[in-house]
Every structure is written in C-alpha cells, then in structure tokens.
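Single-structure report; data block below.
Here, each number is a calculation from the coordinates, and none is a lab measurement. Computed from a predicted model, the values in this text were never measured in an experiment. When we count neighbours, we look across all protein chains shown, and the Cβ atoms used for this are built from the backbone with ideal geometry, even at glycine.
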C-alpha cells in the first residue's frame, strides 16, 4: 500500500522525494564512476583552472533532471538538459539562467550531445510506463572510453538501449568501453536522508490512517484509495490486478 | 601629454578606463556583426530555450578580457577565456565561478576553440609593444561562415594575423567568409561614457597641474613626468623620441 | 497555416520562440542605436566603474519583457520593468531578486521613467489585438537627446505613439532627437537561431501532419484546427475571414 | 594598550573587525531610523513589487563601505558607492557585479546622489586623522524629509558637516528634517558578535604576551611594540605623547 | 469595504502587499530587537568573518515567509524555513538554491530549531482563521536569553502561545527572557512604501468604482461584491454579519 | 626534478594544480564515503527539500580549502571554513558571500564543529613541513557514526591525529565508527584532468629546458635551480640531501 497514493495534481507524492534523491545522487555516482580506479576516463567533472570541465548531458528535465542539473552545475560541469517539452525548457532556462544549456529533444541532438559527454544521465521516466529507449547502443561508439551512462529510469526498464539493472554491490558494468551505472534503488545509498524524506511525505497519510483507522481513511480520501493494493485478500488496485493477471475486486 | 602617465604599480592609469570600455564593447559589436544584415551567420549569442547559445572565445584575460567576459556571460553566451598565466586563470575561475571555462594558452587549444567559436575576441595587448599574432589565417578555415573576429589589440598591431585597422564608418571586412571588426578607437562609439570615464581618471592629475602649474607638478610627481612628451620644444619622453627618431632632451 | 495554432493554455506556441528572440534582441539593437555613429547619445549601457550605467525601462513584463530584462541585467544596465499586473511584478521581483526594479503601470510612472531612460523597450502586445499607446509623443521631450525607443509591439501597431514600422535596411528613424527602432521582423536579424527555435516549436505538429496527412491531423487535434486558415479554397479561420471580409467556411 | 597594534601591511588589525561590524550595522540602523515612529520618511529600503526600493549612497568604499554595501544590497536597496580611488571602484564593480553602481567622488556627484538618497552612509575614515567633511549642510535641503544620514566616521570627527556624536540612549537627532545617526560606538549594539570578533583578532597577541610576558613579547614583536602606550609610568607611544602633550619615553 | 475583495484565485489581493511589507519588516525589527539596548542578546544576524552568523527560523513559507527569508538571507543570516507543504518547500528550495535550509513541519523540528534560533518569525496565517499555536511557551526555555520572537500572524491571534498584540509605541515585551515583537500593524512603520503598495493594489478597483458608480461596479464584478461589507445600512457580508452576530442582508 | 621548482612569490607552482584537484576531489570522495555501502551514515550532503543538508567543515582556507568549499557549496551542503588567518577568512567571506560560514580557528571551535559534521576536510598543509594535528582522536566520539574524515594533508603526515596513509585500492578505514579517507595521491583518481593540469603548469619550464638544454636553463632561471635534485651523481638540493642524510653538492 501507499506507493500509488495520488495527489490533487495526479502525481505520486510518495515517489517525488525518491526522484529528488535519485537525481542528486546521479551526479555523485557518475563522478565516482569516472574515477580511474572504477575503470573510468579519469575526468574530474569540475575541471580545474586551465583545464576544461567535463560535459554532462541530462535527458529529461523533470524532477530527476532538475535535481541532477543542480548538482552538476554545482560542481562546475558543463551541463546540457534535453527535453521535448519547450515549455519546460523555458522554465529551466529561466531558473538556471546562464549556467546550463537547453536543447530540444531530437535524435540528432541526443546523438551529438552523447558523443561529447563524459556523463549522460537518463531521467525520462513516466511512472507506470516503460521508459522510451532514447540512447541507442550505436551512439556509444562516439564517446570517449571510460565515459559514464547513469540510467535513473531503470525501474521502468531504463531509457538507454544498453541498460540492465544493477545493485549497490556491483553497481557498474561495461558496454563497449562505456561504464553503465543502473542501480535500481539509488536512494538506498543515502538511506538516512531518504528515510527522512519519505517520512515527511507519508506523515500526513499515516496520521490520517492512525486517527481514523484505514478503512475510514480510505473511504474519506480518494488519494489514499488510489494507494490501496490489497483489501480483504483481494487485489483492490486495477493496474496491479491487470499487471499480475489476477482478479480486481474494488474496495467496498 | 598625459597618455603615458604612470601609477605606483607601473601601469598606465589613463588607459585603463579605455580598456574597460573596449572590453565591454567588444561583445556588443561582435553580437551586432553576427547579424544577418551585416553578413554575419545570424546567431543570437544568448540562444533561446531549446537552441544552443553562441560560443565566445576571449584570448587574453586582462582588463579587456575580463570586461568582455562579463558582458558575454551576461547575455548568455558560452564563454571560454584563454590565457598563458595560470595564476590569472585561477583568479578568473574563482571570480566567474561556474559561468565560464578557462583554458591554458597553447596553439592547439587556441585553434580548437577558434574553430568552434561564433565570436573570437583578441585582447592580448601589452601597451607599447606589438601584440603577438595568436590566431593564424589558416585557423579561419575551420570556423562557421559569418562568424566574427573582434581585435581589441589593433592599436598595437592586432593579435590576429588577418587584422587590419578599420574605422566606425566602415568597421568590418571579410577574410575567407569570416567578419573582422578592427576599429582602432572602439570607445569613440560610446563617447559619453568614455569621456566621463576618462575625466575620472585624469582629474587628480589635472587638479595637481592646475594648482601648481605644470612645471612644478611634473617636478613633484614622477608619474606626471613620465607622461610629459614635449617640453620647451624638445621631446622629453625617451620612448617617443626613439620612436620618432628625434633627439631626447630630458625635462629639466 | 500554422501561425495561429494554439496550445492547451490558449497560447500561440509557434509565436513564443519569436517573442523570446525579439526580447533578447531588443537590448542588443537598443545598445547599438545608442552608439555615436548611429546618432545615439554615446552611452554604454553597462557603464564602467565610476560612471553610472545606462537606464533601461521595459514596459510590459511578458515573454518579450522578461527576455529583454535578462539581457539588460546581463550587460549591467539599471533596469526597471513596468506592468499593470501586480502578480506578474511579484514573480519578476522574486525571479530577478535584487537586480531589477519593478513599477506598477500608471501614466505618471511611465512618464517619469521614460524621462530618465537611455533605452525604452515597448513590449506590451496581445496577439491579435492592437497594442495600446503607452508612451506619448509629448513624453519624448523629457529624454536625453540620442536616447532610444525600441518597439517590439510594432507588429500590432506599436505601443509608442511615435512608432512606425521599419526594416533591417533602414531600422531607425528620429523623432524630436529620440531614435526609434521599430523593425517589424526583429528575429530575421538572427535568422539561424530563429529558424532553429521555430523548428523546435513546429516539429511536433509537422510530425503529426506527416504521419497522418493534414486532414486527419486537423480532425484529431483541435489545436492544429485552430491553425488552419484555408481549406478547399475557402477561408476556414473565422478571425482571418472577418479580417479580410471574406466568407468563413468551417473545416469539414 | 593594543588598539594601535599594527600588522605587516601597516593596518590596525584590532580595529578591522569593528569596522566590519559598524559597516553592517550602518544599514540596520539606517533602515530603523527611516521608520515612521522614529520620525523617518516611512520608506522600506527594499521596496515591494511595484514600488521602487529606497536609495542608499555609501561614501567611501573601504572596509566599512563594502560591509554596508553588502547589507544594503542584501535587503534590496538601490545602492551606489562613491570613492575617489578608481582602482577600488573597479574591485567593487567586479565583486558586486550588477548589483551596485559605482561613482567617482566629485562634489557634484556627491550632491546629486545625496539629494536622491533615503540613507547616506558616511564611511570615509582614516584611523588617526580627522575625517574630511564630504556632505555639506546645504546639501540636506535637497533630500526628502525624514531621510537618514549615518556617520560611521564620527570617531574621527564625522564626514558630514552636520554630524555630532550621539549615544545608544539617544542615537538620532534632526537637522532641517533630516535624521542623523551618529553613535560613536556602533558595535556596542551587538556586543556579543563584537566581543567574539575582537577576541579573534586579539587572541594571537594575547597568547604571545601570556607565553612570554609582555616585556619579552614587545621586544620580539614590533607590531606589539606599536601598540604599547604606557611603560614604567611613561608614555611609550610617540603619537599619544604628542596628542596629550606629554613626554615620550621610548620602550627600553 | 474593500479589504475582503477577492481575486480569481480566491486570494485577497488587497492584503497581499501588506504581507510582503510585513515579511520584509519582520527581519528588520527582529535584528533591531536583538540589539543590546532593546534588551536583546547583542547578536548581529549577519555575523562577521570568523564569527558565526545568527540563526533565523521562519515558520510558514507563504508570502510573509518568503519575503522574510529574502531579507534574512540578504543580511547573511543562517536561515531555515519550516512548512508542512512539501510542494512549497520544493519551490523554496529551488528558488533560494543553496542559501536556505528547508524543514518539514513537525513538533520536534520546530522545537529543535527554535532552541537554536536568534530570531523566530511566525508567519503561519490563514486570512479569516485563527492562527495555530505552533511555538509553545515551554520551548522558549531552550533559547539563548535575549533572543527574539516576531509574530506576523498576530492579527489572527498569533502563532506563538506567548504572543499578545503590541503597538509601535511599545513594540516588544519579555517572556522568560525572550523578546516578543507582536505589533499588529507592522506596515505602519514604513507608511510611505505601504501606501504606495496599497494604492497599486486598489487602483483597478477604485477606477472601476469611479467609472461606474459603486452600485453598478459591485453588480458587474463579483470580486468587488465580496468586498462589500455594508449596503443601505445593512451588513451585506455574510462572514462579517456572523462575526458581529447581526443580520445579513444580501446586496440587491 | 621539477617538484620543488619555485615561483616569484615563493610558492611551488607545480604543486598548485594538484592542490586544486585534491580540494575538489575531497568532497567527491567524502560524499562517496558517506554512502551506506561504504559503511557511511547514509547522509546525502545536499539533503532534499524538507530534510536538512549535511554539514561539511573545512579546516584550512588555502588552495585546497577554497576548492573543497566551492564543491561543497555547489552540492548544497552546509559549509563552514575554519582558519586562523582573519585576513583569509575575510576574503573567503567576501567571495562566497552568504553561502558559507567562517570561523576563527580555536580548539573549542574545531571540536564543536567536528561534532556536528558529516564530513570534515583537513586541508592545513605547509609544503615541506609536517602538518599540525588539529583534530584529536577524542573529538571523534562526538560525531555521528558513519561520518567521514578526509585528510588532504596526509602527504605531510596528516592533520588529524587518527590519519594514516591509504591507497586507491583500499581508500577508507574506520576509527571508532568514523570513516577515514587518507589517500596520499588523490589526483590519481582523475588522472586525465590531473595530467592536463600538470602539463599546463610545467610547460613553460619544459620549453625553457628544451630550448636551452637543462644546464643552461638551470643557470639562467633560479626557480628551475630550486627544482634540481640530482646533478652529476650528487644531491644538488639542500633539503633533500638533509632529509636523506647524504652529501649536498651545490650545482655548478
């Protein structure tokens, strides 16, 4: 229960904090994977005076993307965000002012930027849908060996053709000389911060359930109802029932 | 008189304001020369959301260069400063934080950056010396047609091999499809601001001369003496005398 | 076809990129028109240390206005935005923090600010409506000779009483010593950037039309339908039909 | 002892923290004195969206001035710094970027800026010298009634013609409708912060004296010797002896 | 009439400017109350180099809170905003970037932050409702003596348990060594700015009333109708009638 | 040869780039060591909205410290720099404005800040001297388990009592639950950036040696001579000879 709880805007409020953590972590793990001892190219993303900074391309300007951008700018990388929503690019351009570049999402732009990048962050994910494959295997050939792909959409199947899920025990693997970081549970690396963030997001719902009992709470609050998966031994969430090919019995 | 007046640090305080004006103007005229109706490539240096900004390379990180950088960053261009003084690059990196890139000056770095640039500003000038030719004619071939070279060092002969002095009446000319802006008197374009700036710089000297008479003032103030060119019909400035091949008669 | 295509918010998505370009260009052309050789007052908008920067007043805080403000701040001018929507002024105040001043739009405030300004940008335009005349001819008398009016609303008739359309070949004219820049097609000056921006905005519609044929696409997408002007030899856009005094035949 | 201790640069390191505190406090007390209940003009220095911010003019760009500027910018005022040292104005212009205006110090500039200002901070002080009177009584007539003068140089006699020392018990007085804040011991208002700051500055000297005894410490450290006023019942500081018209007996 | 005029978003547009003024003033009066001569702890909120800045906690991240935060950051304080709306915390985090800390509102977080704070600003107010008591008297014991509570919600009863309304003549009182500033009419201190701000907000309504007469204006504009309190000798505002226990006679 | 080459300011120009790299890397490795899978506390240094950021204390505000601070601020940590040079703290306070806190270096301040810190960076190193032990083993007890100490001064013996050199193969070890990262060759992790940086710094010397032969170059350039360790089979550097207890034979 709870993961699919909704909010008034149709979002999933309990997932948002995890996207924030994952976006911020994407740059931290990308920088780490670039280190020589992880098999990376040995580039310091921020560069130093006289040496060019590394290039970071972030595909997808949503919650994950904006948090990744914030960190990448913060450490001094040369950052581009790609999105196919011009309205979003305008907001990002305004917010980050002269510290990022924004590019409209076309196959040509993606390929050209991937070739120049030291770290590519894939953050195109629509909860509940399979992520589109935006970076093809053939594009990796144009990259400097030891560069890094970080796929934050791995939970939805990943947005790189070459992505497959990894774990914190063995987080990176190599495809044609390019390092891939595809840990499905990135926030687990910073468990303390993640737990506090999740507590903040769940607290109002937990209080409502604690005060009323869950049956009454679910009756009163349609957003909580959306988060109810199992009730009286039956699957009470249509999507889950369908996904598992089981009977769907609405809450009553 | 006055132009070669010195200060305690060995600088030429009456020239500094003109370098500030010229540096700030370099980007204004570069942006203008990029316009389609001047024969430029039609690039807007700041780009817009979804379209990459133009690239500006500034060769020389002194007073001219830092003022040019300030303007170029301000309008949203993608800015790199090249210098061969690492200490200066460190200061610039610290000051501009994550809004510029700094590169050490080597022939390879200059060529590579010139090729990618929409506007190149040449600002390597040492007052009294001929500027070194840092951008060779052959490098122009790698640039996008309609890109722009602005040579602020044209007074000292220019720091591009293809530079020759122009005037405000006919400020730009073309070499191999690349526009050159080489007006020798850039500050004249903004005469009001330039005059006020010059007044501020000369005022202390003017007051001293007005109060004491110039003979006594020059006797009292060695910096004024350094600015004295002609006295009693003779050349009293060693450099000028040498340059004009005339007799040098020290002030007495 | 296409220009009047709408989006979910009722805006005209194919016009927005042109407003962004025009807003950014407004300051570039204003700075240029201030130059002595264009007949301007010779003010450098950014000033230099010890000399006050030029003043820029932007009338209208929409897409054009915010983009003009961004550039004017970037080059160091003293910038005020006037709008009659307090909510918008709050957003601008928050966004630009301590780098602009905002003023509520009254006749007195406009007159007082115009008198002090080196460049006035008129950016009050409502697509499809005639722009209101917010700066009267009489106000010009209080300005410093050689100051500059840039009317970005000239397509809708202009928002200065003294505006009349000009072209890139002869962009400025003089009224009572004040320079007017009223080029109807500002984005044409930076054709490369403008074209890329326009491509980004039209691409989704072009793809839909290419995939489905235009008849099906217009049937499926009411926003495309809003952009349809002529169909089977008849005017299919009510506003255009009315404007041209021709028969309106709805798409069928 | 201690106040006149010197450092390698010829400065007075034990006074610097007090200048920092006083500079930061100058804006706090100026904003307070503008309040209606203190007889001020009722201007909020930061303004609000749609209403112009107040104007602050800081005369003197040294330690006091830069700290006052930092606070004034921080609260959103419209800030100008006046100095007669162009080199210093350049540093301030670079540091504060587009958030202040710098003006060269002339009588005309001072008068013009004072007339427009809501708060004027006088921070031209040279330790040990009488401050020059830079704002004349006649200039007050051009100011809005209830505007505020804050004289941080009051210890050296003040840099406004109309300044006279006040105390925290009765900090402001009125001259021709203009409020004057001239508390000689501004840092006393924030005693906790001031004491900690002073401790930091004196600690190295205190440790040296504690470790060696003061006689040996003064022998070893010429900077400490410069801070020694009285020794064996005699005045051991030449300036103090002269100021008090007493015998000067060098330390031995 | 007028105070309860509404806008399309259900807000009270005539109150918003006063919230902006009050938020910005909250820090000004908090800094003043910290001064030794007001009985405060003598902390300078911005600190100085080497001495830690003061801590400011702002409870409530609405219009008042964001304006208070802007000022507190501007003077260099160490600022935390508490809110129970995660979406709002995200906006604030994004806007203020690395210059504030945001905390989710729980009793534990409030208590812990109040204990560390030099100034606590209470800005949780819902127009027309009694403010919740978020800081309990018992929490004051953990604060440094001479610290300051500023209750901007005092009009709605205050959001600290220990708040009671004060006036500009006697603005602060002491509870267990902690100074309380609870002036009900904070904007009155900066009457000039407040009046201009209020004029801007009321002008459109005043014009409508002046043009049409108030009866027609109220008929045409439901937002004006919401602001009508008394009509033909009867109470025409349901809330006011209820609050005063009088008859409610709808406008007709 | 080369490492001890000097510059006009008495510095070691070939070491400076390595200090820049090490300072920037210190935060990268500190953030990594905080991860749960390295045994860290699971804190994300930047926090997320609603959750406090991690605290970083940097002991020593030199080249290493300022570069570490830049990265730590960039990722959104709560940063304090400790130094015993007030002049340096002033420069840092001015440069970083309201994004860091500076504290004077006393045993009490160090202990108090270490206790609150998630990452402590030790960057007090004087080339050629043993680093002072500024963090004692006893101070670790006050820290949260899983917090991290990064000792950048490990080459000079380390500035934490509990430091001992480690390698990239096994970079961290545990003392009382606190992780220690003490890799002696931090720049090796980003070999590509480090090599380019080193090339920039050595190029002028390499060119001089290549042009003249090393004997003549060392004769002409005393800074090169300072970098000469062995010549004709003898130790030609006094410090090295002393350190190795071998005969010192001056270059001749």
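Ordered by the number of other Cβ atoms lying within 10 Å of each residue's own Cβ, fewest first, E:87, F:70 fall into the sequence E:87, F:70. Legend: mean number of C-beta atoms from other chains within 10 angstrom of residue C-beta atoms, peptide D:116-125, equals 0.
Taking a ≥ b ≥ c as the square roots of the eigenvalues of the Cα gyration tensor of the range E:16-189, is the shape rounded (a/c under 1.5), prolate (a/b larger than b/c) or oblate? Since a/c stays below 1.5, the shape of the range E:16-189 is classed as rounded. Across the copies of the chain, residue E:250 has label points (7 Å from Cα along Cα→Cβ) spaced 3.6, 3.6, 10.0, 10.3, 10.7 nm apart, shortest distance listed first. Compared with the dominant principal axis of the Cα atoms in chain F, helix F:86-96 is inclined by about 70°.
Does the range C:190-244 come out rounded, prolate or oblate, given a ≥ b ≥ c as the square roots of the eigenvalues of its C-alpha gyration tensor, rounded meaning a/c under 1.5 and, failing that, prolate meaning a/b above b/c? Here the range C:190-244 falls in the oblate category. Summarising the label geometry, the points placed 7 Å from Cα in the beta-carbon direction at residue E:85 and residue D:129 lie 5.7 nm from one another. Would you please state the base-10 log of I(q)/I(0) at q = 0.04, 0.08, 0.09 1/Å for the protein assembly as shown, with intensities from the Debye formula using one equal scatterer on every alpha carbon? Each listed q maps to, in turn, -0.27, -1.20, -1.59.
So in the range D:16-187, what percent of DSSP beta bridges are antiparallel if you round to the nearest 5? If you can, show how the numbers build up before the last one.
Working: 6 of 28 bridges.
Percent antiparallel among DSSP bridges in the range D:16-187 is about 20.
Available extension along the chain between residue F:252 and residue F:144 is 33.1 nm, counting 0.36 nm per residue and deducting the alpha carbon span. Each other copy holds its own label point for residue A:37; taking that point as 7 Å from Cα along Cα to Cβ, the gaps run 1.6, 6.0, 6.0, 6.2, 6.2 nm, nearest first.
When each of the peptides A:211-221, E:133-143 is scored by how many other beta carbons lie within 10 Å of its residues on average, the order from highest to lowest is E:133-143, A:211-221. Across peptide A:13-21, the average count of Cβ atoms from other chains found within 10 Å of a residue's Cβ is 3. Within 10 Å of the Cβ of each residue in A:205-214, the mean number of Cβ atoms contributed by other protein chains is 0. Measuring from the axis that maps chain C onto chain E, the chain C residue with the nearest beta carbon and its rounded distance in angstrom come out as C:95, 5. Taking the DSSP bridge list for the protein assembly as shown and keeping only pairs wholly inside it, about 25 percent are antiparallel. Here the relative contact order of chain F, from alpha carbon pairs under 8 Å that lie six or more residues apart, stands at 19 percent.
Label-point spacing for residue B:207 across the identical copies (point 7 Å from Cα in the Cβ direction), in nm and ascending order: 4.4, 4.4, 5.0, 6.6, 6.7. Placing dummy labels 7 Å off each Cα toward the beta-carbon, the span from residue C:108 to residue E:229 is 2.6 nm.
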